[in-house]
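Below you'll find the structure, written out as structure tokens, and then a few comments.
The values are calculated or read from the model by the stated rules, or taken from the named source; none is laboratory data. None of the values given here were measured: they were computed from a predicted structure. Neighbour counts are summed over all protein chains in view; Cβ atoms, including those assigned to glycine, are modelled from backbone coordinates with ideal geometry. Keep in mind that these areas ignore ligands, DNA and RNA; they rest on the heavy atoms of the full protein, side chains included. Shrake-Rupley method; radii C 1.70, N 1.55, O 1.52, S 1.80 Å.
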Amino acid sequence: MVVLEAVLDLDDHPTADRVHEVVARRDSGVSRATVYRALESLARIGVITKACHPGKAVRYDSRTEIHHHLVCLRCDDVIDISDGRLDALPVPDTSRLGFEVSDFRVQLRGICRRCRELEETP
Ligand SMILES: [Zn+2]
Ligand SMILES: [Zn+2]
């Protein structure tokens, strides 16, 4: 419950470590392992989703309805974006690969406003 509250409060696709930081501030008795396990169970029952980014720590998402992500390649920020045209993308037939698609997120990669502003100011 504390873990779910923390994910909902953070609302910025936190990593497990970030969630643990917040949970520990409220209840110092909760270990990192407990937070990891709780996040995995919440994701398994579909209360939150895992927004995976290869090579980086798993990010957890309190929004489970279909939406897409702007991913900043500098600061790893993940920003939600809704777009009906992306929602309607035809999902390719992956049955030949034995893969069953459950849902999808489109990742638009680039540089976020904050990082661009940092770059522009000398
Ligand atoms: Zn950025
Ligand atoms: Zn999201």
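Which one, Leu42, Leu108, Leu97, has the greatest fluctuation when you compute a Gaussian network model over the chain with C-alpha springs under 10 angstrom? Of Leu42, Leu108, Leu97, the most mobile in the Gaussian network model is Leu97. For Val58 and Arg25, a Förster radius of 22 Å and the Cβ-Cβ distance give a FRET efficiency of 0.55, rounded to the nearest 0.05. Relative contact order for region 43-122: 27 percent, from Cα pairs under 8 Å spaced at least 6 residues apart, divided by residue count.
The GluC sites (Glu not before Pro) of region 35-122 that DSSP puts in a loop, and whose beta carbon has at most 11 other beta carbons within 10 Å, are Glu65, Glu100. For the chain, the per residue solvent-accessible surface stands at 67 Å², with DNA, RNA and ligands left out and a 1.4 Å probe. Out of Asp83, Asp103, Asp61, any idea which swings most in a Gaussian network model of the chain, alpha carbons joined below 10 Å? For the chain, modelled as a Gaussian network with Cα springs under 10 Å, the answer is Asp103.
Each DSSP beta bridge with both residues in the chain is either parallel or antiparallel, and the antiparallel ones are about 65%.
The length gained by stretching the chain between Ile66 and Asp17 to full extension, at 0.36 nm per residue less their Cα-Cα distance, is 15.1 nm.
Of the trypsin sites (Lys or Arg not before Pro) found in region 4-58, the ones in coil according to DSSP and having at most 11 other Cβ atoms within 10 Å of their Cβ are Lys56.
Prolate is the label for region 65-122, because the ratio a/c of its alpha-carbon gyration tensor axes (a ≥ b ≥ c) is 1.5 or higher and a/b is greater than b/c. Rounded to the nearest 20 debye, the dipole size of the chain about its Cα centre is 320 debye, using +1 on the Cβ of Lys and Arg and -1 on the Cβ of Asp and Glu. Taking each residue as 0.36 nm, the span from Leu97 to Leu73 lengthens on full extension beyond its C-alpha to C-alpha distance by 5.6 nm.
When a/c reaches 1.5 or more, the comparison of a/b and b/c decides; with that in mind, is the chain rounded, prolate or oblate per its Cα gyration tensor? Oblate.
Carbon and sulfur: what percent of region 2-122's accessible surface (1.4 Å probe)? Walk me through the numbers before you get to the answer.
Numbers: 4250 of 8070 Å².
That share works out to 53 percent.
Every helix of 4 or more DSSP H residues in the chain counts as -39500 (n - 2.57), and over all residues that averages to -10500 deg cm²/dmol at 222 nm.
Measuring nothing but how far apart in sequence close Cα pairs (under 8 Å, 6+ apart) lie, relative to its length, region 1-42 scores a relative contact order of 42 percent.
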